[in-house]
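Before any comments, here is the structure.
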Amino acid sequence: MQSDPPAQLPGGVARIPDRDEAELAARARAGDRAAFGTLVERFAPQARRIARAVLQNPDDADDAAQDAFLSALVKLDQYDPRRPFGPWLMRIVANAATDRRRRRAVRQAEALEPELAGGGSRPDLDAERRALGERLRAALAQLPERRRLAVVLFDVEGYSHAEIADILSIPEGTARSEVFHARRTLRSLLQDWKEGE
Amino acid sequence: MEPSLPFDHRADPELGAALRAALEPADPAPFVARVLAQAELTRARRRDVPTWDILARWARAGIAAAVAAALVAGFAMGRAMQSRATLDDVMVASAGAGANALLSSPRAPDASVVFTSLVERER
C-alpha cells in the first residue's frame, strides 16, 4: 500500500520537486510574475488534461484551466508551502472544471465524433491513434466524473491515492476504489480495441 | 495488458499513455500566454480595489465630518440669529436715562440732554 508519488510521471515527465514548487509559489505570491509564469508553464498541460477529463470539450477545458490558474493566483496565500503544490492546484482545477460543467450544459455527445463508425480502408497510424483517442474520451465520458478524474490523476498524472483523495476531497479508500473501477472499464475497452485490430 | 489486482497501486503505463494521448491539449504556448495576460488584468484589478476601498472610506469619513460641521455651523448661526442686537439696543440697555433720551429721541437733542448724558457717565 504505497502512497508516495513516483519520482517520474508516466510518459517520462520529471516530477517537480516540492521545495521548488513552494519557492515558486512564495515568489508568485510576492508578485513575481516570472515565478507565476513558470508555475503556469509547468502545470498547464496537467491542468488542461484534468479539466478536459471533466468537461470533454477542449475549449471549455482551457477556460476552466485558466479560471483555475487565476483563482490559484488569488488564493496563493492559502497554499501551505509544506505540502506539494500540484495536488493543491489540481483541486482548484477539478473544482473549476466541475463548476463550469454545472454552469454550462455540456453535451457529452459532442465528444463522440462519427469517425469511429468509419470502416472501409485501413486507416493509417495517426488515424488509428485518433480513433483510439476518441473511443477513450467516449469511454471516459461514460464514467462518473469522480471516477474519471481519479483514473486520470492516477494513471496519467502520477498522483498517489492519498493525493487523489486530497484533491477530490474523498477518503483514500474511495480514491482507490474509483481508480480500480475506472481502470476496469477502460482496460476492457482497450482490450476490445486491440483485438479488433 | 495484464489484468491488475484490485486497488493496484502502480500506474498502468499503457492505459496512462493512451489516456494522455486522448486528453493531450493543443499547443501550450498560446494557453500560457492567455493565462499570464489574464493574470496581469487580475493583478491590476486587485491593485485597484483597495484604492477604491480607501477612497470610499475617505469619502464616508468626509461626508460624516461635513454633516457634523454643517450641524455645528447651523446651530451656531441659529444662536447668533436669535441673539442678534443692534448697536442702539446695546447702548440703550447699558446707558442711563440721559443717554437713553439722547439715543432714542427722533429729534436732534438739545444741549440739556447732551449735558445730562455726560453727567451720568461721569457718575
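Overview of values
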quantity	calculated
Test: A:Gly133 is out of contact with any Cys (no Cβ under 6 Å at 6 or more places or on another chain), closer than 20 Å to A:Pro58 by Cα and in a helix (DSSP H, G or I)	yes
Residue tally, condition surrounded by 21 or more Cβ atoms within 10 Å (Cβ to Cβ) and either under 48 Å from the mean Cα position of the chain (by Cα) or more than 7 Å from every other protein chain (Cβ to nearest Cβ) (or both), over the stretch B:16-42	3
Condition met for A:Thr174 (within 14 Å of chain B (Cβ to nearest Cβ), out of contact with any helix residue (DSSP H, G or I) (no Cβ under 6 Å at 6 or more places or on another chain) and either at pLDDT 95 or above or buried (at least 18 other Cβ atoms within 10 Å of the Cβ) (or both))	yes
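The values are calculated or read from the model by the stated rules, or taken from the named source; none is laboratory data. Worth saying up front: this structure is predicted, and the values here are computed from it rather than measured. Heads up, the Cβs are rebuilt from the backbone with ideal geometry, glycines too, and the neighbour counts pull from every protein chain shown.
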